[in-house]
Every structure is written in structure tokens, then in C-alpha cells.
1. With no solvent and one equal point scatterer placed on each C-alpha of the range 1-71, evaluate the Debye formula and give log10 I(q)/I(0) for q = 0.13, 0.17, 0.20, 0.28 Å⁻¹, two decimals.
2. Once the other residues with Cβ under 12 Å from the Cβ of Met69 are scored (Lys, Arg +1; Asp, Glu -1), what is the net sum?
3. Return a whole-number percent for the relative contact order of the range 1-78, with Cα pairs under 8 Å and 6 or more residues apart as the contact set.
Amino acid sequence: FPSHDNTVSLISIFFPIIGSFFLASQNLKIIFIGSLGISIYFLLDYSDGALAKISKTSSINGIFLDLLMHPLAVVSTISGISIGAIYVTGPQIIPFAILTIIATLISNIKDSYVWFAICFFGLLYIYI
């Protein structure tokens, strides 16, 4: 039967995004559920590639989705942790939280050619 490995990729991105909201909580049970959501993302992230290899349906679209999803997952996770830290310690760490999120964004996007292509072609579209 046909595989839906790209569907697994698309579904998997919701787990770290929702999990990051849970990480921003002050309730330990909700934080634990958020960390499980992030763990489920990594499990699905590895399984979509394996599913594509087993079913011999690997495609450039799957690689594109993976390169797009990784920075989104990492940045959303760090954002949730940063917001949770602001709730616990107070607004004095907001500059550090913002710098952490920006540093995470830059360090993850630099390896993703997908984001480069989106920015490059977006600028071409704007200026041409």
C-alpha cells in the first residue's frame, strides 16, 4: 500500500510546537507532557525517513520537509523553555531569552538550504 511518509513529517511538526506551549507552563505535569511531545517529534522524524526507505518512496519533497521542520522544531522548543524561564524568574531575563532564541534560529537555519532558498527567492520576488 502507498506510504505517507511526508504526511508523517507534516504531522510531526505539531508535537514540538504544542509541546513548547506546555514547556512554558509552571505545572510540572504539563511540562512533562510537553517534553513527551518533543520526544514524539524526534521519534516521528526518524520514522518518516525509515518509512520512505522501506517503501522506496524517498523523494526530494521529503528531504525538503525535513530541512524545513528541523529549525522549526528546535526554535519552538527553545522558545517554550525561554518563556517558561521568564515566568519563573521574572522579566529581567527577557533580553537573554530573546538572544537565546535568535542564536538558536541562526545556528539552525544556517545549515538549512531550504530556508536560504525561501529567503533568496522571496527577495527576488520582492525586488523583481
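Readers should treat all values here as calculations from the given coordinates under stated rules, not as data from a laboratory. Model, not experiment: these values are computed from the prediction. Because the Cβ atoms are built from the backbone with ideal geometry, glycine has one as well, and the counts that use them run over all protein chains shown.
1. Taking Cα atoms of the range 1-71 as identical point scatterers yields -0.40, -0.61, -0.75, -1.14.
2. Working: positive: none; negative: Asp45, Asp48, Asp66.
Local charge sum for Met69: -3.
3. That works out to 45 percent.
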